[in-house]
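Engineer: Got a structure for you, questions after.
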Amino acid sequence: MITILQLLLVLGLMVLVHEFGHFIVAKWCGVRIEAFAIGFGKRLIGFHRGGTDYRINILPLGGYVKMAGEIPGEETSKDPGELNNHPRWQRMLIALAGPVANFILAFGLMTGAYMVHNEVNQYFSGPAITDYISPKGPVASTGIHSGDTIVHFDNVENPTWDDVFNHAALNLNRSVSFSFNDHGQRIATTFFVASKATSPDQFSPDTLGFVPKMQSTPVKVAALLSGSPADRAGLKSGDEIVSIDALTIHSVPALLGYMQDQKGKPAVLNVLRKGQTIIMQVTPELSDADGTKAYRLGFQPFSPPIKVEKLSLPKASVASWNYSKKSSLLIVDVLKGMFERHISIKSLSGPIGIGQVVHEAAEMPGWLPLIGTVAGISINLGMFNLLPFPILDGGMIFLLLIESVFRRDLPMAIKERIYQVAFVCILLFAVMVIFNDITKLPFFVKLKS
């Protein structure tokens, strides 16, 4: 019930902002607004002003704007307040205003978040430098080595690790253009993103076979598990693991990846302790943690460095703009992948999936995860409504462009039939997406397994 309430509140806010965008531009254009409602269903309270019924309905989640003459089939007149009696460019602006309002909301939320607390893993947003390349991983066939920098991945030049992982998830079991810098020499090749995942949300970057360089310093030991291989070998809190078997590492994932490839063979650690180098022998042990069996040494490391700062308004605005642009282009890539049939429609999330994401964000400490999630949903809603499909805002703009080319309105009978077919398609699409959500629930996943 908490998840459902969180979902309704978030989606309600998104819809209300969207409809307010239509409302404010329609008012500016002189369209008569018959009703601006918060919520749906029976009217509870409200007031009339300027011919508009401002009302709160019994279900105060979301809202809608009722414009004069906007519903196909309604009796029309030459009333200048009716929507269809306004120039096409004004009707396009009104249709565009809803998605734009969602983009403005996301931009405002992220700008505020960056001004209050901007926290990022330094390696994740920086150059895509590798720390370890598994000889058994898919990427090894490209010839890339530990310490090389990825300079091109798919359609992104000089990508961050965030770009690499996102675009790998969008190209499962497909070849992408791939370039890396090896000791100053740029090597251009292709990379086949081999994966058993059937959708981006099931994809794990660990399966690619390379580990990011998370810091420039060695792995530092924070605590030891009593009786563990690391404890028996003589590691102490504060020690820095410089290398294993002469392989320089800068992260625990790189250390773990190497030990898995060696299947737990005894190894030699080069350890730095208070400025002195110590060589020690260690034999990893197979252990179970978080349901995964792997060879481990049994110590707790210090986390990779995190960059935290409060950005000024100009810098926060730039960061927010880049976030919005990147998120929007990622959605375009997902849609493109679906049309090219290398991304399954099963990767889409409906209300249930969105509710789970919102709930997880709400459970995290602080407001920032929830703000980021709401901003992401707002961008998704704006992009979805811009699709050139009837009923959606993008479809209305598309039809208006067609009418502008022919310099005449489409017959109302044709418009009604288009909207009827579109409504059925949208309804079927909604059912399919909700069905996808249901099949991803833990109960059904267990039944499949």
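Engineer: On a 0 to 90° scale, report how tilted helix 252-261 is relative to the longest principal axis of the chain, with both axes built from alpha carbons and the result rounded to the nearest 10.
Structural biologist: Its long axis makes an angle of about 70 degrees.
Engineer: About its Cα centre, how strong a charge dipole does the chain have in debye, to the nearest 20, once Lys and Arg get +1 and Asp and Glu get -1 at the Cβ?
Structural biologist: 180 debye
Engineer: What is the extension gain from K293 to I187, computed as 0.36 nm multiplied by their sequence separation minus the C-alpha to C-alpha distance, in nm to one decimal?
Structural biologist: Gain on extension, K293 to I187, equals 34.6 nm.
Engineer: OK, next. For the charge dipole of the chain, defined by +1 on Lys and Arg C-beta atoms and -1 on Asp and Glu C-beta atoms about the Cα centroid, which residue among A254, N385, M338 has the Cα displaced farthest towards the positive pole?
Structural biologist: N385
Engineer: Just the number please: accessible area per residue for region 234-374, 1.4 Å probe, all protein chains included, in Å². Let's see the in-between values first.
Structural biologist: Values: 8270 Å² over 141 residues.
Averaged over the residues of region 234-374, the accessible area is 59 Å².
Engineer: May I pose another question? What length, rounded to one decimal in nm, is gained on full extension from L401 through to Q276, with 0.36 nm per residue of separation minus their alpha-carbon distance? The partial results should precede the final answer.
Structural biologist: Working: separation 125, 0.36 × 125 = 45.00 nm, distance 7.30 nm.
Gain on extension, L401 to Q276, equals 37.7 nm.
Engineer: In terms of modelled amide H atoms, which long-range or inter-chain residues lie less than 5 Å from the amide H of L224?
Structural biologist: Those lying under 5 Å, H to H, from L224 are Q300.
Engineer: Charges on Cβ only, +1 for Lys and Arg, -1 for Asp and Glu, centred on the Cα centroid of the chain; of P99, L44, Y64, which one is farthest towards the dipole's positive end?
Structural biologist: Going by the charge dipole, the pick is L44.
Engineer: Computing the accessible area with a 1.4 Å probe over protein heavy atoms, can you report the carbon and sulfur percentage for the chain?
Structural biologist: Within the chain, the accessible surface is 64 percent carbon and sulfur.
Engineer: Next question, about the same structure. When ranked by the protection proxy of mean other Cβ atoms within 10 Å per residue, highest first, what sequence do the peptides 231-241, 177-187, 95-105 form?
Structural biologist: Values: 231-241: 17.0, 177-187: 13.9, 95-105: 22.2.
Sorting 231-241, 177-187, 95-105 by mean packing, highest first, produces 95-105, 231-241, 177-187.
Engineer: On a 0 to 90° scale, report how tilted helix 88-116 is relative to the longest principal axis of the chain, with both axes built from alpha carbons and the result rounded to the nearest 10.
Structural biologist: Compared with the principal axis, the helix lies near 30 degrees.
Engineer: What does the highest-first list of 303-313, 363-373 look like by mean Cβ count within 10 Å?
Structural biologist: Details: 303-313: 12.5, 363-373: 14.5.
Per-residue mean Cβ counts within 10 Å order the peptides as 363-373, 303-313.
Engineer: Still on this model: Could you please report the charge total around F192, scoring K, R as +1 and D, E as -1 over all other residues with beta-carbon less than 15 angstrom from its beta-carbon?
Structural biologist: Surrounding charge for F192 is +2.
Engineer: Further question: Within the chain, what percent of beta bridges assigned by DSSP are antiparallel, to the nearest 5? If you can, show how the numbers build up before the last one.
Structural biologist: Working: 59 of 63 bridges.
Within the chain, antiparallel bridges account for around 95 percent of the total.
Engineer: Tell me, what is the per residue accessible area of region 30-144 in Å², probe radius 1.4 Å?
Structural biologist: Spelled out: the 1.4 Å probe surface of region 30-144, per residue, equals 50 Å².
Engineer: Same structure, new question: Can you work out the Karplus-derived ³J(HN,Hα) for every residue in region 320-334? Use 6.51 cos²θ - 1.76 cosθ + 1.60 with θ = phi - 60°, whole Hz, and x for glycine or proline.
Structural biologist: 5, 4, 5, 4, 5, 5, 5, 5, 5, 5, 5, 5, 4, 5, 5
Engineer: Hey, another quick one. What are the semi-axes of the equivalent ellipsoid of the chain, taken as the square roots of 5 times the eigenvalues of the Cα gyration tensor, listed largest first and rounded to whole Å?
Structural biologist: 53, 23, 21
Engineer: With labels modelled as points extended 7 Å from the Cα through the Cβ direction, what inter-label distance (nm, one decimal) is found for E285 paired with F429?
Structural biologist: 5.6 nm
Engineer: Post the alpha-carbon centroid distance, region 74-125 to region 358-399, in whole angstrom.
Structural biologist: Here the answer is 11 Å between Cα centres.
Engineer: Could you grab the relative contact order for region 325-449? Cα pairs under 8 Å, six or more apart, rounded to a whole percent.
Structural biologist: This gives 28 percent for region 325-449.
Engineer: I need the calculated FRET efficiency for the pair F124 and D409, taking r as the beta carbon distance and R₀ as 56 Å, to the nearest 0.05.
Structural biologist: 0.65
Engineer: Let me ask something else about it. With a 10 Å cut-off between alpha carbons and a GNM built on the chain, which of H22, H48, H250 moves the most?
Structural biologist: H48
Engineer: Hey, got a sec? Which chymotrypsin sites (Phe, Trp or Tyr not before Pro) in region 11-64 land in a DSSP loop and have at most 14 other Cβ atoms within 10 Å?
Structural biologist: In loop regions of region 11-64 (DSSP not H, G, I, E or B), there are no sparsely surrounded chymotrypsin sites (Phe, Trp or Tyr not before Pro).
Engineer: Assigning unit charges at the beta carbon (Lys, Arg +1; Asp, Glu -1) and nothing else, what dipole magnitude in debye, to the nearest 20, does region 47-137 show about its Cα centre?
Structural biologist: 60 debye
Engineer: Run the paramagnetic zone check for L387: 7 angstrom along Cα to Cβ, then residues of region 185-215 with backbone nitrogen under 17 Å.
Structural biologist: Output list for this probe position: 200.
Engineer: Then there's this: Can you give me the angle between helix 368-385 and the longest principal axis of the chain, using Cα atoms only, in degrees from 0 to 90, rounded to the nearest 10?
Structural biologist: 50 degrees
Engineer: Could you work out [θ]222 nm for the chain from helices alone, using -39500 (n - 2.57) per DSSP H run of at least four and dividing by all its residues? Round to the nearest 500 deg cm²/dmol. Before the final figure, lay out the partial values.
Structural biologist: Numbers: 11 runs with 188 residues, N = 449.
Computed mean residue ellipticity for the chain: -14000 deg cm²/dmol.
Engineer: Using a 10 angstrom cutoff on alpha carbons, build the Gaussian network for the chain and name the most mobile of T248, T292, T149.
Structural biologist: Highest fluctuation among the options: T292.
Engineer: With a 10 Å radius around each residue's Cβ, average the other Cβ atoms per peptide and rank 222-230, 419-427, highest first.
Structural biologist: Ranked by mean Cβ neighbours within 10 Å, highest first: 222-230, 419-427.
Engineer: Please report the base-10 log of the normalised intensity I(q)/I(0) for region 191-266, using a Debye sum with one equal scatterer per alpha carbon and no solvent, at each q in 0.11, 0.14, 0.15, 0.19 (1/Å).
Structural biologist: -0.39, -0.59, -0.66, -0.92
Engineer: How big is the C-alpha Rg of region 296-398 next to the rule-of-thumb value 2.2 N^0.38 Å, as a ratio?
Structural biologist: Against the compact-globule rule of thumb, the ratio is 1.41.
The values are calculated or read from the model by the stated rules, or taken from the named source; none is laboratory data. Since the model is a prediction, treat every value here as computed from it, not as a measurement. Here the Cβ is made from the backbone with ideal geometry for all residues, glycine too, and neighbour counts use every protein chain on show. The accessibility values were calculated without ligands, DNA or RNA, using every heavy atom of the protein model including side chains. Shrake-Rupley method; radii C 1.70, N 1.55, O 1.52, S 1.80 Å.
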